[in-house]
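**Student:** Got a structure here, written out as structure tokens. Questions coming.
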Amino acid sequence: MLNPAVSPDVNDPNAASAPATDAARSPALWTDYLMLMKPRVMSLVVFTALTGLVCAGTPMNPVLAAVAVLCIAVGAGASGAFNMWYDADIDGRMRRTRSRPVPAGRVQGADALGLAIVLSLLSVMLLAMTTNWLAAGLLAFTIFFYAVVYTMWLKRWTVQNIVVGGLAGALPPAIGWAAASGEAPLNAWLMVLIIFVWTPPHFWALSLYTSEDYAKAGIPMLPVVKGARSTRLQILIYSLVLFPVCQAPFFTGLGSWAYLAVSGLGGAVFLVLAWRLFRSQAGEGADPRNGQLYDVKAGAVDARNLFAYSILYLFALFATLLAERMIGLGA
């Protein structure tokens with residue numbers, strides 16, 4: 001499957017044909033290849049990996065530390081390229097993703113696959129040579145898990161795709177920690193757990209106002225299979241679980257009182273937004289977006305608010321851990 005077939009959006013018959021025509025007139029730009037690597041996702045990976053590396057508390061050559069973070073970023077880019085290659089058929093059917101380089105025809109599927117393979121080998125081998133095989137092995141597992149287990153299997157076959165598949169996005173702190181110290185202790189996996197539990201309410205909030213896209217593409221997202229009310233309930237349950245998980249670093253010594261304050265107050269706001277979402281009608285009826293990702297109609301405001309706040313909350317947690325360690329607080 002080197003060049004997956006692209007199905008046009010049924011509501012916009014010109015959506016697939018126009019970009020493909022433009023692509024035939026001019027070669028792909030470097031920005032198209034950058035987009036293949038999902039730079040927004042990569043930025044979160046880099047930040048959480050850097051936090052894990054610093055929180056390890058092991059003296060490390062700054063150049064080697066920079067190379068380690070770069071390798072993790074490149075590995076994340078490889079995962080994104082694999083995903084865009086394999087998912088080009090369903091990406092072409094969804095409004096949110098149909099302008100991506102492969103379904104839009106700006107980059108050939110074979111080129112996206114080639115880029116993914118090269119980036120995977122380069123990132124894993126360079127990380128092994130500059131740090132250690134534990135970090136490299138974790139990075140290789142992360143790429144494999146996202147590209148094969150999540151993209152090729154879970155995403156299209158089970159309603160638990162985001163729950164299980166979230167492990168790939170949760171591992172960077174452990175990779176960073178292992179790169180610095182050669183080991184991955186409890187605190188490293190606690191950081192992984194935070195992201196792992198955070199992922200379902202974060203992504204399901206988004207899926208509540210993009211469910212029409214997922215249904216059109218045949219992806220068994222929770223709102224499509226179980227309905228909006230069940231999704232809102234699951235978001236609330238995971239939010240309740242997330243709260244104590246985010247407090248745990250204080251009790252293991254990873255975070256200090258500043259972290260406890262941020263995680264506690266921020267978690268309380270998270271719970272309020274999750275409760276409001278549960279009591280709302282978000283996800284009922286047709287796709288409520290007006291246009292851009294955050295531009296939604298009144299019925300989806302609560303879902304949009306939780307989705308946006310969840311990003312801020314995760315950033316605040318890891319930024320606090322990073323700041324504490326840099327000024328000498330925490331374990």
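We did not get these values from a lab; they are worked out from the coordinates using the rules stated. Remember, predicted model here, so these are calculated numbers, not experimental data. With ideal geometry, Cβ positions are generated from the backbone for all residues, glycine too; neighbour counts draw on all protein chains shown.
**Student:** Going by amide H atoms built from the backbone, whose H comes under 5 Å of the H on residue 58, apart from near neighbours?
**Tutor:** Sorted by chain and number, the residues that satisfy this come to none at all.
**Student:** Among 69, 301, which comes first, second and so on when ranked by fewest other beta-carbon atoms within 10 Å?
**Tutor:** Ranking 69, 301 by Cβ neighbours within 10 Å, fewest first, gives 301, 69.
**Student:** Same structure, new question: Can you give me the long-range amide H partners of residue 102? Hydrogens built in the peptide plane at 1.01 Å from N, cutoff under 5 Å, separation of 5 or more residues or another chain.
**Tutor:** The answer is 107.
**Student:** Another one. Which whole-Hz couplings ³J(HN,Hα) result when phi for each residue of the stretch 122-129 is put into the Karplus expression 6.51 cos²θ - 1.76 cosθ + 1.60, θ = phi - 60°, listed in order with x for Gly and Pro?
**Tutor:** Karplus values, whole Hz, x for Gly and Pro: 4, 5, 5, 5, 5, 5, 5, 6.
**Student:** Now for a different question. Residue by residue through the stretch 231-242, what is 3J(HN,Hα) from phi via Karplus (6.51 cos²θ - 1.76 cosθ + 1.60, θ = phi - 60°)? Round to whole Hz and write x for glycine and proline.
**Tutor:** With coefficients 6.51, -1.76 and 1.60, one gets 5, 4, 5, 4, 4, 5, 4, 5, 5, 5, 5, 4 Hz.
**Student:** Report the Cα centroid-to-centroid distance between the stretch 124-151 and the stretch 185-228 in angstrom, as an integer.
**Tutor:** Spelled out, the Cα-based centre of one part sits 23 Å from the other.
**Student:** On each of the three principal axes of the Cα atoms of the stretch 63-197, give max minus min coordinate, whole Å, ordered largest first.
**Tutor:** 44, 30, 19
**Student:** Using a 10 Å cut-off around each Cβ, can you sort 263, 310, 280 from fewest to most neighbouring Cβ atoms? Display every interim value, and only then the final one.
**Tutor:** Values: 263 27, 310 23, 280 20.
Arranged by neighbour count, lowest to highest, 263, 310, 280 become 280, 310, 263.
**Student:** If you work out volume of the Cα convex hull per residue in Å³ from the coordinates, which of (i) 256; (ii) 142; (iii) 120 do you get?
**Tutor:** (iii)
**Student:** Mind checking which of 270, 251, 141 has the largest fluctuation in a GNM of the chain, springs on alpha carbons under 10 Å?
**Tutor:** 251
**Student:** Counting only pairs 8 or more residues apart or on different chains, how many lysine pairs in the chain have their Cα atoms under 19 Å apart?
**Tutor:** Working: 38/155; 155/216; 155/226; 216/226.
The result is 4.
**Student:** Go ahead and run the numbers for FRET between residue 326 and residue 144, Cβ-Cβ distance against an R0 of 25 Å, rounding to 0.05. Display every interim value, and only then the final one.
**Tutor:** Values: r = 33 Å, r/R0 = 1.31.
E(calc), rounded to 0.05, equals 0.15.
**Student:** At a 10 Å Cβ-Cβ cut-off, how would you order 231, 252, fewest neighbours first? Before the final figure, lay out the partial values.
**Tutor:** Working: 231 28, 252 13.
Fewest-to-most Cβ neighbours within 10 Å comes out as 252, 231.
**Student:** From the backbone phi of the stretch 200-206, what are the Karplus-calculated ³J(HN,Hα) couplings (6.51 cos²θ - 1.76 cosθ + 1.60, θ = phi - 60°) in whole Hz, Gly and Pro given as x?
**Tutor:** For the stretch 200-206, the Karplus-derived couplings read x, x, 4, 7, 5, 4, 5 Hz, x marking Gly and Pro.
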